[in-house]
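Report on the structure given below.
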Amino acid sequence: MTNFTMRRAEARDSEPLSECIDAAYSIYASRISDLPGVSEGISQAIEKHRVWVAEIERNIVGGIILIARDAFMLLENVAVHPERAGLGIGRALMVRAEADCSELGLSEMRLSTHKDMPENVGLYEHLGWRETGRSENKVHMSKNL
C-alpha cells in the first residue's frame, strides 16, 4: 500500500488541486453533458473554507472541500486522482470531513452529487449516507454523525 499524508490546503495548492479534481471528474465528462466546472473557485475555497489535500511524494492526489453552515457541514467536493484510486485516500478524506464536522460541534453532513453518477450514490450509501431528495440533475444526501 502506498503511504499518503493529509494536510490543510494552502494558497499554493490551488492549481495542483484543481488539476487533481479535473482528472478525477474526467471519467464522467464523456457521459455527462451538464457536468459543472468542478474545479472552479478552488483558490477562494482554500481561503474561506476547510480544504484538505492528500499527498504522495509532495504531489496532490486527492482533496476535499468542506463548507461549515450554521446547522451542518456541506461536503462541496471530494476527489481522488484516478491513478491513485483504491489506496484508501477517498475514505481517509471522508473520515477527515467527519472529524471536522465534529470539531465544529455539528452533527450532520450534506452533499449533492450528479444523478448520472450512480456509483457515487452507492459509495456514499455504503459509507452511511442516505438520499434526502432529488432536484433537476442532483441527488441530495445527508449523514448524521
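Bear in mind that the values in this text are calculations on the coordinates, not laboratory data. Just so you know, these numbers come straight off a predicted model, no measurement behind them. Using ideal geometry, Cβ is built from the backbone for each residue, glycine included, and neighbour counts are taken over all protein chains shown.
Taking the DSSP beta bridges with both ends in the range 60-145, the antiparallel portion is around 90 percent. The modelled label-to-label distance for the pair His140/Glu103, using points 7 Å beyond Cα in the direction of Cβ, is 2.8 nm. Here the extension length gained between Gln44 and Asp22 equals 6.2 nm, from 0.36 nm per residue of separation less the Cα-Cα distance.
As an exercise, use a Förster radius of 30 Å and the Cβ-Cβ distance of Arg69 and Ala29 to find the FRET efficiency, rounded to the nearest 0.05. FRET efficiency, Arg69 to Ala29: 0.55.
Projecting the Cα atoms of Val139, Gln44, Pro16 onto the dipole axis of the chain, where Lys and Arg carry +1 and Asp and Glu carry -1 at the beta carbon, places Val139 farthest toward the positive end.
If R0 is 30 Å, the Cβ-Cβ spacing of Asn59 and Val95 corresponds to a FRET efficiency of close to 0.90. When exposed loop sites are taken as GluC sites (Glu not before Pro) in a DSSP loop with at most 12 other Cβ atoms within 10 Å, the longest stretch of the chain clear of them is 58-135.
Rounded to the nearest 20, the size of the Cβ-charge dipole of the chain about its Cα centre is 300 debye, with Lys and Arg at +1 and Asp and Glu at -1.
With no solvent and one equal point scatterer placed on each C-alpha of the chain, evaluate the Debye formula and give log10 I(q)/I(0) for q = 0.13, 0.18 Å⁻¹, two decimals. The computed values of log10 I(q)/I(0) come out as -0.55, -1.11.
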